[in-house]
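A short worksheet on the structure shown next.
The values are calculated or read from the model by the stated rules, or taken from the named source; none is laboratory data. Everything quoted here is computed from the prediction, not taken from an experiment. A quick note on method: Cβ atoms are made from the backbone with ideal geometry, for glycine too, and the neighbour counts reach across all protein chains shown. All accessible areas refer to the heavy atoms of the entire protein, side chains included, with ligands and DNA or RNA removed. Shrake-Rupley method; radii C 1.70, N 1.55, O 1.52, S 1.80 Å.
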Amino acid sequence: MTDTSAPIVTADGTPLKKKLDQAMFRSRRNAFLLVAPLLAFIIASFIIPIVVLLTQGVYDSSFRKQMPTVATFVADWDGQGEPSEEMMQAALTDIVVGLTIDRSIPTKAAVRINREVSGATSMIKKLIRATGKWKIEYEGKEQRLSDVFRNMEDEDDSGVTLLDESERRAIGVTLAKAVIAQEAPVKAKMIKADKKWADIKYWQAMKVASKAASPAYLAAALDYNYSHDGEFQQRDEDRRIHVKLFWRTLEISLIVTLACLFLGYPIAYLLSTLSVRSSNLLLILVLLPFWTSLLVRTTAWIAMLQAQGVMNDLFVVFGLAADDDRFSLIYNKTGTLIAMTHILLPFMILPLYSVMKTIPPSYVRAAKSMGATNWTAFWRVYFPQSVAGIGAGALLVFILAIGYYITPALVGGQDGQMISNMIDFHMRKSLNWNLAAALGMVLLVFVLFLFWIYDRVVGIDNMKLG
Amino acid sequence: MLTATNTDEGFVVFDRVQKSYDGNALVVKDLNLDIAKGEFLTMLGPSGSGKTTCLMMLAGFETATHGDIRLGGQPINNIPPHKRGIGMVFQNYALFPHMTVGENLAFPLEVRKMGKSERDEKVKRALDMVQMGEFAGRRPAQLSGGQQQRIALSRALVFEPQLVLMDEPLGALDKQLRERMQYEIKHLHERLGVTVVYVTHDQSEALTMSDRVAVFEDGRIQQLSSPDDLYERPENSFVAQFIGENNKLSGMVTGIKSGVAEVTLDNGSKVSALAVNCEQGSRSTLSIRPERVTLGGPKNKNTTEAEVLELIYLGDHIRCRMNVHGNEEFVVKVANSAGHTHLKAGEKTKVSWLAEDCRALDA
Ligand SMILES: Nc1ncnc2c1ncn2[C@@H]1O[C@H](COP(=O)(O)OP(=O)(O)OP(=O)(O)O)[C@@H](O)[C@H]1O
Ligand SMILES: [Mg+2]
């Protein structure tokens with residue numbers, strides 16, 4: 001045996017290990033250079049946007065920017081007792097400065113508070129309306145506050161911006177000081193504008209909103225309230241919608257996955273046993289749905305399943321349903337289940353087929369020659385070898401299903417909606433992107449968790465996609 | 001040794017069996033075969049000659065289009081494969097990859113509802129039989145080709161079937177291992193006394209292992225006989241050509257007298273040969289084994305001029321390619337012994353053979 005302590009060297013005297021490392025480095029660098037363009041594309045178009053969006057679920061500094069004085073004030077406030085004159089003045093300052101910079105800022109801040117406790121929008125709107133009537137000395141003449149804001153021009157006639165944000169902020173601060181100097185004490189006047197200003201819970205809501213990094217949205221995504229003193233409280237029974245929706249999403253995805261498995265397994269088996277020519281033909285039929293738009297397929301299901309649709313007509317013809325009491329197969333969970341199963345079926349069949357194709361018929365034959373009945377041969381020998389395909393297909397279908405969105409939106413009605421429809425609602429309608437991001441984050445964690453379980457149970461190395 | 005006794009005859013019978021897959025062409029044409037109990041019968045033939053098809057019909061995975069297959073006197077056409085009790089070794093072994101070696105072997109016993117202790121006992125014995133006792137816990141993928149082959153063999157035998165079918169079981173092994181396994185299978189067969197139907201397209205395998213060999217070609221059995229008969233007494237030119245090395249000469253039979261045919265070759269010269277499968281007035285192919293041709297021996301009727309074209313040194317003998325009667329592929333084996341003259345390429349010499357070593361077969 002050679003002495004293992006002495007390093008082995010190559011012909012030119014460098015240690016073998018070093019030489020090997022150099023060679024490895026070169027091949028690794030080449031491999032990296034090959035994937036670099038795709039990597040850059042994925043980072044720019046996928047990873048960064050996702051990270052940016054997801055952070056919005058736990059990080060929201062908008063209120064701090066919109067109402068900075070209030071934000072700093074409530075941060076140190078213990079959240080107890082009556083709102084003080086200083087707090088009121090801070091709020092008034094922020095609203096006046098906000099209106100000076102951009103007239104939509106206080107409303108945006110109101111929307112943010114509103115997410116914690118409803119009624120904040122009207123509270124702020126009423127205050128803006130009341131204070132607008134106050135007269136103030138500005139640019140040498142006495143005028144209503146609302147006119148001051150209205151006349152503050154953005155641009156001159158040639159489109160040049162007259163004042164930038166910091167200039168406006170400076171004007172706003174002077175204006176606010178003047179208003180407070182003239183009107184103090186403001187507390188009573190503000191409560192008169194809307195008595196909600198006296199209500200401590202709005203101030204507590206502002207305290208929650210003032211924290212930039214906070215679990216408030218995540219809590220909301222799980223139907224919890226995050227209170228100003230850092231406690232989580234489950235929402236009232238009738239306001240818990242997200243968890244129910246998550247469960248329903250899970251339920252629909254599981255049912256669709258199982259349905260795809262039961263429908264797809266025999267087809268894949270048939271495909272794998274047929275001669276190449278007929279299996280190709282059948283495969284084209286399986287893939288045919290991919291050639292039509294998802295929207296067309298989904299709307300086709302509407303034509304099929306609606307009350308006056310083909311299916312119900314057939315049921316009536318065969319006496320399975322009364323003409324005036326037809327099945328409701330669409331605009332509910334049934335519709336979502338049927339349409340999604342149909343659309344996702346190929347994603348189950350293809351991995352199954354690709355695995356089954358590689359199982360030689362000799363295994364089942366061997367089992368039968370040893371005395372196994374058809375069923376035993378299938379169950380003990382064929383099925384275990386197709387598990388890799390089942391795993392891949394089921395995982396694919398399940399993950400696609402859990403984020404499915406167009407189909408439930410079109411055929412799901414009320415109780416066929418899934419969590420992605422809720423995310424979509426917050427992205428496009430309520431414009432609560434933070435909550436949308438938080439919901440997305442919960443969904444992502446949930447899927448990763450299922451993936452982890454899958455890896456523990458089936459083993460990800462056992463998965464074959466083709 | 002295990003030649004069939006009368007009582008055991010007809011253990012497996014193919015009776016005028018035909019098989020077509022597509023309804024157009026017959027893959028097996030009129031197969032008649034009697035296999036005795038305890039016999040080692042090999043089906044030998046070129047690729048596509050229908051060997052696997054016959055085996056599959058016997059195992060029950062294909063149905064005969066016409067004719068009967070009988071096992072132990074019973075027609076089995078309507079018995080499903082799992083009730084036939086036939087052990088089988090597949091070319092790719094078909095060991096279940098998701099089961100350990102032990103589980104693989106226990107499978108046929110399990111489906112027979114055998115108790116656990118009895119099962120373990122038999123599995124152990126079957127593994128010891130192929131010297132694989134300590135591999136019971138391994139997966140098939142963790143075994144070498146030869147080891148997998150042994151496991152497949154013992155799995156086919158563990159439930160003690162009367163009949164074992166093997167479809168090119170050694171096809172995937174290298175030459176040396178293949179030869180060793182041939183002996184092991186042969187010895188197992190002798191020890192257990194099971195009937196074996198073995199498929200191969202390797203003629204040396206067929207000759208070393210079998211009691212009888214059925215040479216297949218084009219869906220028919222061309223000859224069914226013992227290995228030595230097959231080599232020394234081929235009945236038609238296909239068998240003569242397919243088994244071993246063979247020299248061909250073709251010509252017209254001009255007369256047959258007491259079993260000896262007079263043949264006029266295409267170059268006009270006359271030779272005499274054993275009339276095996278030829279008729280007077282028709283064309284015939286003469287077959288002479290290379291080792292039956294002598295150089296410079298005593299002159300007889302078949303002595304003729306030959307020109308040495310090529311010499312290949314093979315240690316114990318020298319292969320000598322010559323031009324004999326216009327056939328430039330005529331091969332003669334010359335023993336590499338002290339007494340022999342050393343030939344040179346281009347040299348002219350005389351070769352001769354006995355009439356009974358030259359078989360006149362069909363054209
Ligand atoms: N399932 C099938 N369907 C149609 N034709 C088949 C099928 N199986 C075999 N054949 C055809 O039947 C003929 C005989 O095939 P078989 O497999 O019996 O040959 P073989 O003698 O075993 O050949 P090899 O030595 O190559 O294994 C071939 O021409 C083959 O193409
Ligand atoms: Mg074959």
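On the principal axes of its alpha carbon atoms, the range B:143-292 extends 61, 29, 26 Å, with the longest extent given first. A loss of 20 Å² or more of accessible area (1.4 Å probe, protein heavy atoms, ligands and nucleic acids excluded) relative to the isolated chain is seen in these residues of the range A:343-362: A:SER362.
Each helix, a run of at least 4 DSSP H residues, gives -39500 (n - 2.57); summed and divided by the residues of chain B, these come to -7000 deg cm²/dmol at 222 nm.
Counting Cβ atoms of other protein chains within 10 Å of each residue's Cβ and taking the mean over peptide B:154-161 gives 2. The mean of 1/r over all pairs of different alpha-carbon atoms in the protein assembly as shown, once inverted, gives a Kirkwood hydrodynamic radius of 36.6 Å.
Can you classify the range B:1-96 as rounded, prolate or oblate using the Cα gyration tensor, where a ≥ b ≥ c are the square roots of its eigenvalues, rounded means a/c under 1.5, and otherwise it's prolate if a/b beats b/c and oblate if not? Judged from the Cα gyration tensor, the range B:1-96 comes out rounded (a/c under 1.5). Measuring nothing but protein heavy atoms, the accessible surface of the range A:62-238 at 1.4 Å probe radius is 50 percent carbon and sulfur. The Cα trace of the range B:293-363 gives Rg and Dmax of 12.3, 39 Å, the first to one decimal, the second as a whole number. Take the Cβ atoms of B:ARG283 and B:THR63, set R0 to 41 Å, and the FRET efficiency comes out at 0.55. On the basis of the beta-carbon distance and an R0 of 30 Å, B:ILE79 and B:TYR21 show a calculated FRET efficiency of 0.90. Residue-normalised convex hull volume from the C-alpha trace of the range B:253-298: 102 Å³ per residue.
Compared with the dominant principal axis of the Cα atoms in chain A, helix A:16-42 is inclined by about 60°.
Taking a ≥ b ≥ c as the square roots of the eigenvalues of the Cα gyration tensor, the range A:1-55 is classed as prolate, since a/c reaches at least 1.5 and a/b is larger than b/c. Short to long, the 5 Å bins of the Cα pair-distance histogram for the range B:122-189 hold 3, 16, 30, 27, 19, 6, 0 percent of all pairs. In terms of the mean number of neighbouring beta-carbon atoms within 10 Å, the peptides A:42-48, B:299-305 order highest first as B:299-305, A:42-48. Here the dipole of the range A:62-238 is about 460 debye; that uses its Cα centre as origin and unit charges on the Cβ of Lys and Arg (positive) and Asp and Glu (negative). Among the residues of A:379-392, the average count of other protein chain beta-carbon atoms within 10 Å of the residue beta-carbon is 2. Taking a straight line from the alpha carbon of B:LYS270, these lysines sit under 21 Å away, with near neighbours fewer than eight places off in the same chain left out: B:LYS248, B:LYS257, B:LYS299, B:LYS301, B:LYS348, B:LYS350.
Under the simplified labelling scheme, the B:ASP266-B:LYS113 pair shows an inter-label distance of 6.8 nm, with each label point 7 Å from Cα along Cα→Cβ. When A and B come together, around 1800 square angstrom of accessible surface is lost from both chains combined, probe 1.4 Å. Remark: C-alpha extents of the range A:302-343 on the principal axes read 28, 15, 15 Å, sorted largest to smallest. The HN-Hα couplings worked out from phi for the range A:51-63 by the Karplus form 6.51 cos²θ - 1.76 cosθ + 1.60 (θ = phi - 60°) are 4, 4, 5, 5, 4, 4, x, 10, 9, 9, 9, 4, 5 Hz, whole numbers, x standing for Gly and Pro.
Of interest is the spacing of the C-alpha centroids, which for the range A:189-218 and the range B:273-316 amounts to 114 Å. Return the distance in nm (one decimal) between the two label points of a simple spin-label model at A:GLU86 and A:VAL35, each offset 7 Å from Cα along Cα→Cβ. For A:GLU86 paired with A:VAL35, the spin-label model returns 5.7 nm. Pairs of alpha carbons in the range A:242-462 separated by more than 25 Å make up 51% of all such pairs. Peptide packing: for B:134-146, B:153-165, the average count of neighbouring Cβ atoms within 10 Å per residue gives the ranking B:153-165, B:134-146, highest mean first. Here the range B:110-223 is described by how far its Cα atoms reach on the three principal axes: 48, 28, 24 Å, from widest to narrowest.
Our estimate of slack between A:ILE302 and A:LYS133, defined as 0.36 nm per intervening residue step minus the Cα-Cα distance, is 55.3 nm.
Within the assembled protein chains, the solvent-accessible surface assigned to B:ASP128 is about 70 Å², based on a 1.4 Å probe. The label point for A:TRP452 and the one for A:ASP78, both projected 7 Å from the Cα toward the Cβ, are 4.0 nm apart. The ratio of the alpha-carbon radius of gyration of the range A:383-429 to the globular-protein estimate 2.2 N^0.38 Å is 1.55. Amide hydrogen proximity for B:GLU217: with H placed 1.01 Å from N in the peptide plane, the residues at 5 or more positions away or on another chain lying under 5 Å are B:GLN222. Distance between the C-alpha centres of the range B:19-45 and the range B:175-242: 15 Å, rounded to the whole angstrom. Using only Cα coordinates, the Kirkwood hydrodynamic radius of the range B:245-362 works out to 14.5 Å.
Placing +1 on the Cβ of every Lys and Arg and -1 on the Cβ of every Asp and Glu, with no other charges, gives the protein assembly as shown a dipole of roughly 920 debye about its Cα centre.
For the range B:297-325, the residues whose backbone nitrogen is under 19 Å from a point 7 Å from the Cα of B:GLU347, taken along Cα to Cβ, are B:297-299, B:304-325. A full extension of the chain between A:TRP375 and A:PHE25 corresponds to an added length of 120.7 nm, given 0.36 nm per residue minus the alpha carbon distance.
With q set to 0.19, 0.21, 0.22 Å⁻¹, the log10 of I(q)/I(0) for the range A:201-264, from the Debye formula over equal scatterers at the Cα positions, is -0.75, -0.84, -0.88. Between B:LEU44, B:LEU207, B:LEU309, the GNM of chain B built on Cα springs shorter than 10 angstrom shows B:LEU309 fluctuating the most.
Take B:284-294, B:180-190 and order them by the average number of nearby Cβ atoms within 10 Å per residue, most first; the result is B:284-294, B:180-190. Counts of other chain beta carbons within 10 angstrom of each beta carbon in peptide B:78-88 average 4.
With Cα atoms as the point set, chain A shows a radius of gyration and Dmax of 32.4, 106 Å. Length available on full extension from A:THR292 to A:ILE255: 0.36 nm per residue minus the Cα-Cα distance, which gives 10.9 nm. Computed in the context of the full set of protein chains, the accessible area of the range A:278-330 at 1.4 Å probe radius has 71% of its extent on carbon or sulfur.
Taking a ≥ b ≥ c as the square roots of the eigenvalues of the alpha carbon gyration tensor, the range A:25-112 is prolate, as a/c is not under 1.5 and a/b beats b/c. Computed over protein heavy atoms with a 1.4 Å probe, the accessible surface of chain A works out to 55 Å² per residue. Gyration tensor analysis over the Cα atoms of chain B returns equivalent ellipsoid semi-axes of 46, 25, 16 Å (largest first, whole Å).
Find how many whole Å separate the alpha carbon centroid of the range A:286-313 from the alpha carbon centroid of the range A:122-150. Comparing the Cα centres of the range A:122-150 and the range A:286-313, I get a distance of 58 Å.
Rounded to the nearest 10 degrees, the inclination of helix A:276-291 to the longest alpha-carbon principal axis of chain A is 10 degrees.
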